[in-house]
Amino acid sequence: MESLTALLVGLLVAASVYLMLARNFLRFLFGLILLSNAANLVIFAAGRMTAGAPALVPEGASVPDGVIGNALPQALVLTAIVIGFGLLAFTLALTFEAYRRLRTLDSDEMRHAEPDEGKTEAGR
Amino acid sequence: MSWLLALPIAIPFVTAVIVYLLRNRALGRWISLAGSLASLAASAALMVAVLRDGVVAAQMGGWPAPFGISLVADYLSAVMVVITAITGLATAVYALGEIEERLERLGYHALFQVLIAGVTGAFLTGDLFNLYVWFEVMLIASFGLLVLGGSKEQLDAGIKYVALNLVSTLVFLSGIGLLYGVTGTLNLADLHGAVAAVEDQALITVIAMMFMVGFGVKAAVFPLFFWLPASYHTPSFAVSAVFAGLLTKVGVYALMRMFTLVFVGDVGFTHEILIWVSALTMLTGVLGAAAQTDFRKILSFHIISQIGYMTLGLALYTPLALMGGVFYLVHHIIVKANLFLVAGVAQKLAGGTDLERIGGLYKSSPLLAALFVVPAFSLAGFPPLSGFWAKFLIVKASIELGEWLIAFVALFVGLLTIFSMTKIWGMAFWKPHPEGIEPTPDRVPARIRVPMMLPIAGLAAMTVLIGFFPEPFVQFAETAAVQLLEPAAYVEAVLGLREARP
Amino acid sequence: MNSIIFSAGARILVALLLVFSVFMLLRGHNLPGGGFIGGLIGAVGFIVYALACGTAEAKAALRVSPEAIAMVGLGIALSAGLAAAPFGEALFTGIWIWVGGDSYATAALKPNTVLVFDVGVYLVVLGSIVSLACAFEEEV
């Protein structure tokens, strides 16, 4: 299982790097989403893949019985997913707003904050 | 103990909730100010406790370490929390003058308080994953503040800032995952022992490099700094002062914490890389600044070059160097935030930040000119201001190690800093205004002018104070450095709690 | 979206989703569930409503702005965490009061700060997701 997950993580990272190298910011954002999932998978795999039961304590007992899965990385992954979701949703909203105002998502043309000195001088 | 450590984080959060609900009323901004004052009081109380006990630690939720989340304050954390509260208070006062009602309605004060809470949380946490969470709290608030108002420049800057910071966050997160996979713990104090016990130290070095890249982006070190000069000159001045003062320093703090407490197994490799990264950071920052003609862009590039000195303090890894690094960290937050605040007043008076289109500030506003000279000369390292002692310690540490080239770079960068500062001085203050305007202070109503000038004067006074009486601050930094290099007390304070509980 | 079937069905669906979200919130005590998932389900309810009848009507149904709901939720969650202090416990420790018994098993009523915290989380999630979704829906 671990090696399969590792391969999957590698695939996700490769795809995300490919997307992030694009000039279009929307593609970059999709790359970020893939990278975020790859990072979550890394944490998940770090807790070791075991065929255990959920880490729940049965009624009346004080310890779970049998082999249980490591609950900590799952909690971490859940937190990371939630945070990642919030950040990516914000980024998507920002991207949309930027497209509406700047009329482009091409990073070569997004020079409002750092004007290209030579070009703007001529264009002024 | 639990209260002392949690209050500096909880107060800004509670303030944020209240001021958001009051965002349409003038009362909101006063509550925000009161919250900043309360944060300062709480962090001062924490500082007193740390000065008394050395290291203060507490467990959230009563779960014993290393399972629960620890909050820890040693000398470094405590001073960072205090300086965060001071910067927060200064910008909260400044915002009374600068921030318009339109931005207040959009929730400026709430975002600002959440940002302060995130920064404070990052300084106080003793748990790696919790550090990630505080980084995110800080990031989401800074995203909001950066694009608040929504001008074209801000949106453009926001995209770049968000993109690069998210990548660094994900690298950091993957590093956390791998480190947990190798050691099975995320508590920083516990990691100190657990990492040393790992057989395959090469694996640890790889993970250390991931952390170095992740935090390096946040700290804006050499090849990873591009988001900073692209974004810091676009938001309102109060926001860019807080960003300039605090955000990159959280990255430096995280580097200092991780590379003194956890990743110390292969100092010859990791810290050697940091030395060269620091030297290149100093050089590129200061050379980038030399090419700029905008007040805030020059200052932005100088943040980068100054970050180099701080990481150099960590990289040299001797008590003297770390002491210099800690001292530099504190000095730089005060000075840099102040310079951005001065830029805000200059913009209000002279009508811009483009140095070629403003001028005449010295003749018409001598007070502002005097208040600019103090932090500017301190930044460049003129004796007897605070920057001189900070640079002196770092350069002395590198000479003691025989790193002559690094010492030369540090001095050379100081020289170029003077060049940039005199450029601002000459163009914004000395030369007459190109449009013949007299930028006298009464161009701005006192209602706005006074709250903007007060924090500038206060921070400048602190710079002078540290400069003339460096002794207690240097001693403090020395203790902080010793604690960093010998983390036994830190580990004991956190893990000792295990035995203390029945 | 102009579909009579959808907007008529949405009303029933929204009611069901909201009830289910509260069920998940309360169930999360000892079983899978809780404030986060409850808040998500509740938010889905309002999003369905917004798709069927427009964001303006969905916001009117919420009565308070979703951002304010999220901030109030944050306040509730925080106060639940800070409430441990007067009891002399570490912050964010769950405080339980047994009514009609002296242990978890025998008590008839068990008011506690954990549930308050969960309600706070529920409101934070509900408020922030609805506000994000409405922002997207209004822009597109």
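The values are calculated or read from the model by the stated rules, or taken from the named source; none is laboratory data. Predicted, not measured: the structure shown is a model, and the values here were computed from it. Reconstructed Cβ throughout: ideal geometry from the backbone, glycine too, with neighbour counts over all protein chains shown. Quick note on the areas: whole protein, heavy atoms, side chains included, nothing else; ligands and nucleic acids left out. Shrake-Rupley method; radii C 1.70, N 1.55, O 1.52, S 1.80 Å.
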Given charges at beta-carbon only (K, R positive; D, E negative), |dipole| of the stretch B:266-468 in Debye: 620 debye
So how do B:59-70, B:104-115 stack up, highest first, on mean other-Cβ count within 10 Å? B:104-115, B:59-70
Of the peptides B:19-26, B:40-47, how do they stack up when ordered by the mean number of other Cβ atoms within 10 Å, highest first? B:40-47, B:19-26
When only DSSP loop residues count, what trypsin sites (Lys or Arg not before Pro) in the stretch A:69-114 have their Cβ near at most 10 other Cβ atoms within 10 Å? A:ARG103
If you average the C-alpha positions of the stretch A:1-56 and of the stretch B:220-269 separately, how far apart do those two centres end up, in angstrom? 26 Å
Estimated FRET transfer efficiency when R0 is 35 angstrom, pair B:GLN475-B:ILE418 (beta carbons, to 0.05): 0.75
Quick one: how many lysine pairs does chain B have with C-alpha atoms less than 20 Å apart and a gap of 8 or more or different chains? Give me the count, please. 24
Could you please state, rounded to a whole Å, how far the C-alpha centre of the stretch B:323-346 is from the C-alpha centre of the stretch C:104-140? 41 Å
At R0 = 25 Å, FRET efficiency that the Cβ-Cβ distance of B:ARG105 and C:GLU137 yields, to 0.05: 0.70
Once normalised by the length of the stretch C:4-139, the mean sequence separation of its alpha carbon contacts under 8 Å that are 6 or more apart gives a contact order in percent of 29 percent
Under Karplus coefficients 6.51, -1.76 and 1.60, residue-wise ³J(HN,Hα) of the stretch B:263-279 in Hz, glycine/proline x: 8, 10, x, 10, 4, x, 8, 5, 6, 5, 4, 4, 4, 6, 4, 4, 4
For chain C, find the longest principal axis of its Cα atoms and tell me its angle to the long axis of helix C:35-53, 0 to 90°, nearest 10. 20 degrees
Over all viewing directions the Cα convex hull of the protein assembly as shown casts an average projected area in nm² of 34.3 nm²
Percentage relative contact order, the stretch B:256-335, counting C-alpha pairs under 8 Å, at least six apart: 29 percent
Toward the positive end of the charge dipole of the protein assembly as shown, about the Cα centre and with charges on Cβ (Lys, Arg +1; Asp, Glu -1), which of B:PRO366, C:MET24, C:ALA8 goes farthest? B:PRO366
Would you kindly state how much longer the chain becomes between B:ILE448 and B:GLU486 on full extension, computed as 0.36 nm times their sequence separation minus their alpha carbon distance, in nm to one decimal? 8.8 nm
Extend 7 Å from the Cα of B:TRP276 along its Cα-to-C-beta direction; within the stretch B:398-423, residues with backbone N under 18 Å of that point are B:403-410
Given the stretch C:4-139 reduced to its alpha-carbon atoms as identical point scatterers, what log10 I(q)/I(0) does the Debye formula return at q = 0.09, 0.16, 0.20 Å⁻¹? -0.33, -0.83, -1.10
Could you tell me the accessible area of C:HIS29 in Å² (1.4 Å probe, neighbours in place), rounded to the nearest ten? 70 Å²
Sequence gap at least 6, Cα distance under 8 Å: using those rules, report the relative contact order of chain B to the nearest whole percent. 17 percent
Label-point separation, B:PHE226 to B:ALA290 (7 Å along Cα→Cβ), nm: 2.3 nm
Determine, from the Cβ-Cβ distance of B:ASP266 and C:ASN2 and an R0 of 60 Å, the FRET efficiency 1/(1 + (r/R0)^6), rounded to the nearest 0.05. 0.40
Quick one: length gained pulling B:VAL206 to B:PHE468 fully straight, 0.36 nm per residue minus the C-alpha distance? 89.9 nm
Compute the long axis of helix B:27-53 from its Cα atoms, compare it with the longest principal axis of the Cα atoms of chain B, and write down the angle in degrees, 0 to 90, nearest 10. 40 degrees
Extension gain, B:GLU438 back to B:VAL48 (0.36 nm per residue minus Cα-Cα distance, nm): 135.6 nm
Debye, to nearest 20: dipole size of chain B, +1 on Lys, Arg Cβ, -1 on Asp, Glu Cβ: 1460 debye
How do B:138-151, B:419-432 rank on mean C-beta neighbours within 10 Å, highest first? B:138-151, B:419-432
Rounded to the nearest 10, the angle in degrees between the Cα long axis of helix B:2-21 and the longest principal axis of the Cα atoms of chain B comes to 40 degrees
